[in-house]
Ligand SMILES: [Zn+2]
C-alpha cells in the first residue's frame, strides 16, 4: 500500500512532467465500475485549466492551480500515477486519464480499485474532512511524543493512526520499530521519553531515506527490515530471527531478539 514516500515519488513525477500544460479532457479509463472517480461535471471543471502546483499530505496527493480546482488522489492499496505520451498505449488498469494539450497524458492506475480521485476546491478542506494529523515529515517532536506516548494501544497502531500523524502505514511503521528496537505491541504509554524521541528520529530517517530514492526499495540499505520481511530470516542487528504477529489487523514483521515483547 503506497505510504508517504511512495506517494511523494508520485507527486514528484507529476511535478516533473505534468505541470503548466493545458488540460484538454479528463476521461474515464477501463473498467471503472466500483472506482470512485469524478463525475462528468467535475471532470469538465478541470478542462481548459492547468496543474501549476502539487501538494502531498500523508498519503493524499493533490494537483491543481492555486485558485483551484484541484484533483485529489488517494492510491488505496495499489494505485499509482503514470505519465506517458499519446503514441504509447495507456497503461493497464488506467481508471482515469488526463489528456493534456499535445502528447502528454497522465493516468491514474488502480488494479485493486481501492483508490479514488475527486475534484476539490481546496486541499486544506479535504485534509480537514479526513481528520488527518500533521504530515509525518512535518510533525514536530513534542507533538509526536505526546501523541504516540499517550496512546494506550499498540505503538504500531498509533504510528499508523492517520489522525495522529499522516503518512505512515504497515511497511514503514514496521521499519521504524525495527530500527528503534521497539516491539509492535508495546503500549505507547509504557514507552520512555527517550524511546519516543528515538522513534521520532527513526520515523523521519526512514521516510526521508525512502523519499530520497523515490521509493526504489533496491536502493535502501541492506540492513533494513524491508529486505528481510520473511519468517525466520536472520536479523541484521542481532542474532535473532524475524517473526510475525497480527497487530491492528495487519501482519507485522519484527525481530524476536532486539524487539522484545512488552
Ligand atoms: Zn534483531
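FYI, it's all coordinate maths here, none of it is from the lab. Since we're looking at a predicted model, the values are computed, not measured.
When a/c reaches 1.5 or more, the comparison of a/b and b/c decides; with that in mind, is region 4-129 rounded, prolate or oblate per its Cα gyration tensor? Each step should come with its number before you reach the end.
Working: a/c = 1.26, a/b = 1.06, b/c = 1.19.
Rounded shape, in that the Cα axes give a/c under 1.5.
Relative to the present Cα-Cα distance, how much length would full extension add between residue 92 and residue 239 at 0.36 nm per residue of separation? Don't skip to the answer; put the middle values down first.
Details: separation 147, 0.36 × 147 = 52.92 nm, distance 4.35 nm.
Contour length minus the Cα-Cα distance gives 48.6 nm.
Which angle from 0 to 90°, rounded to the nearest 10, does the C-alpha axis of helix 193-212 make with the longest principal axis of the chain?
For helix 193-212, the angle is close to 40 degrees.
Nearest 10 degrees, 0 to 90: what angle lies between the long axis of helix 170-180 and the longest principal axis of the chain (Cα atoms)?
Result, in degrees: 40.
From Cα pairs below 8 angstrom and at least 6 apart in sequence, can you work out the relative contact order of region 4-129, rounded to a whole percent? Each step should come with its number before you reach the end.
Values: 275 pairs, mean separation 38.4, N = 126.
Relative contact order, region 4-129: 31 percent.
Taking the chain as a Gaussian network, where each spring joins two C-alpha atoms under 10 Å apart, which residue of 161, 89, 18 fluctuates the most?
Maximum among the listed residues: 89.
Quick one: grab the alpha carbon gyration tensor of the chain, order the square roots of its eigenvalues as a ≥ b ≥ c, and give me rounded if a/c is under 1.5, else prolate or oblate depending on whether a/b is larger than b/c.
Since a/c reaches 1.5 and a/b is larger than b/c, the shape of the chain is classed as prolate.
So what is the 222 nm mean residue ellipticity for the chain from helices alone, if each DSSP H run of at least 4 adds -39500 (n - 2.57) and you divide by all residues, rounding to the nearest 500 deg cm²/dmol? Before the final figure, lay out the partial values.
Working: 7 runs with 74 residues, N = 262.
My calculation for the chain gives -8500 deg cm²/dmol from helical runs alone.
Work out how much length residue 209 to residue 227 would gain on full extension: take 0.36 nm times their residue separation and subtract the Cα-Cα distance, in nm to one decimal. Let's see the in-between values first.
Values: separation 18, 0.36 × 18 = 6.48 nm, distance 1.46 nm.
Taking 0.36 nm per residue and subtracting the Cα distance, the gain is 5.0 nm.
By the gyration tensor of its Cα atoms, with a ≥ b ≥ c the square roots of the eigenvalues, what is the shape of region 187-262: rounded for a/c under 1.5, prolate for a/b over b/c, or oblate?
Details: a/c = 1.66, a/b = 1.11, b/c = 1.49.
Note, shape of region 187-262 comes out oblate.
When the chain is treated as a GNM, springs tying every alpha-carbon pair under 10 Å, which of 186, 166, 33 comes out with the largest mean-square fluctuation?
33
Compute the relative contact order of region 68-108 as a whole-number percentage, counting only Cα pairs closer than 8 Å that sit 6 or more residues apart in sequence. It would help to have the intermediate numbers written out before the result.
On the way: 42 pairs, mean separation 16.9, N = 41.
Over region 68-108, the number comes to 41 percent.
Run the numbers on region 141-255 and let me know its relative contact order in percent, using alpha-carbon pairs under 8 Å that are six or more apart.
Details: 160 pairs, mean separation 29.4, N = 115.
26 percent.
Select from 131, 87, 190 the residue whose mean-square fluctuation is largest in a Gaussian network model of the chain (Cα-Cα springs shorter than 10 Å).
87
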